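The values are calculated or read from the model by the stated rules, or taken from the named source; none is laboratory data. Computed from a predicted model, the values in this text were never measured in an experiment. Every residue, glycine among them, receives a Cβ derived from its backbone with ideal geometry; neighbour counts consider all protein chains shown. In case anyone asks, the SASA skips ligands and DNA or RNA and just uses the protein heavy atoms, side chains included. Shrake-Rupley method; radii C 1.70, N 1.55, O 1.52, S 1.80 Å.
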Amino acid sequence: MATDNVVQLLDFWASPFGMRVRIALAEKGVKYEYSEQDLKNKSELLLKMNPVHKKIPGLVHNNKPVCESLIIVEYIDEVWSDKATLLPSDPYRRAQARFWADFVEKKIYDTGRRVWTTKGEDQEAAKKEFIEHLKVLEQELGNKSYFGGDEFGFVDIFFIPFYSWFHAYETLANFKIEESFPKIIEWAKRCMQRESVAKALPDQNKVYEFILELKKRLGI
């Protein structure tokens, strides 16, 4: 249990990785200072706290940095262990949660990025791959309320931030997620009823506008 706590989050509003940390902190009821970062002009604090990857999010706890969202969320769960647990206590279920969080980590962001950064045949290939990943996740979700069962938890925290990017993926690649994956959309709307999620996720249209600006800046 944490006693002396000065917590700061170095983040960027549209980052799904940062959203994970914001949700985890909210679920634990942890008060923290939010520091919005300019990714085009990285702050000295960010470079000091994450000298290896120089990326957000970065959690600074009592002047000690913790980096990478997967590691940060586990750290939050362990330090503030007196609050609602994010990972299951059962070793096997905990291993399964880590597996599916890793699946989201490795498949959804990279494939989603290719959906909005490519055109023509490359975009169609990326869209097809993205849809296949969603198919796997919907099969895993099944008829459960959340990925871990009846309780909101680790895998939900890792996947739900991408819901704020769905509108951009759909609009830029001309497809509808809800038509093929109604259970994922039902799950997402259920997650959005939680205050921790609703406050962490930005408006989908705002994310779409951000991606359009990013595409223009990158010359795509």
Which members of region 143-162 meet the condition of being surrounded by 17 or more Cβ atoms within 10 Å (Cβ to Cβ) and closer than 16 Å to Lys183 by Cα? Tyr146, Phe147, Gly148, Phe152, Val155, Asp156, Phe159, Ile160, Phe162
Criterion (out of contact with any strand residue (DSSP E or B) (no Cβ under 6 Å at 6 or more places or on another chain) and farther than 20 Å from Ser69 by Cβ) met by exactly one of Glu124, Glu105: Glu124
Please find, among Leu47, Leu39, the residue that is modelled with pLDDT under 95, within 19 Å of Arg113 (Cα to Cα) and hydrophobic (A, V, I, L, M, F, W, C). Leu39
For Tyr92: the one exception among (1) more than 18 Å from Val73 (Cβ to Cβ); (2) under 19 Å from the mean Cα position of the chain (by Cα); (3) hydroxyl-bearing (Ser, Thr, Tyr): (2)
Restricting the search to region 182-220, which residues are surrounded by fewer than 19 Cβ atoms within 10 Å (Cβ to Cβ) and part of a loop (DSSP other than H, G, I, E, B)? Gln193, Arg194, Pro202, Asp203, Gly219, Ile220
Unique match (being in contact with a strand residue (DSSP E or B) (Cβ under 9 Å, 6 or more places away or on another chain) and within 20 Å of Ala198 (Cα to Cα)) among Lys48, Lys31, Lys55, Lys83: Lys31
If a residue counts only when it is more than 18 Å from Ser15 (Cα to Cα), which strands (runs of 3 or more DSSP E) contained entirely in region 32-80 have at least 1 such residues? 58-61, 64-67
Please tell me if Lys48 is in contact with a Pro (Cβ under 9 Å, 6 or more places away or on another chain) and either open to solvent by 50 Å² or more (accessible area, probe 1.4 Å) or under 14 Å from Glu27 (Cβ atoms) (or both). yes
Here the residues within region 98-125 that are polar (S, T, N, Q) and buried (at least 17 other Cβ atoms within 10 Å of the Cβ) are Thr111, Thr118, Gln123
Quick check on Asp77: is it farther than 25 Å from Trp165 by Cα and open to solvent by less than 30 Å² (accessible area, probe 1.4 Å)? yes
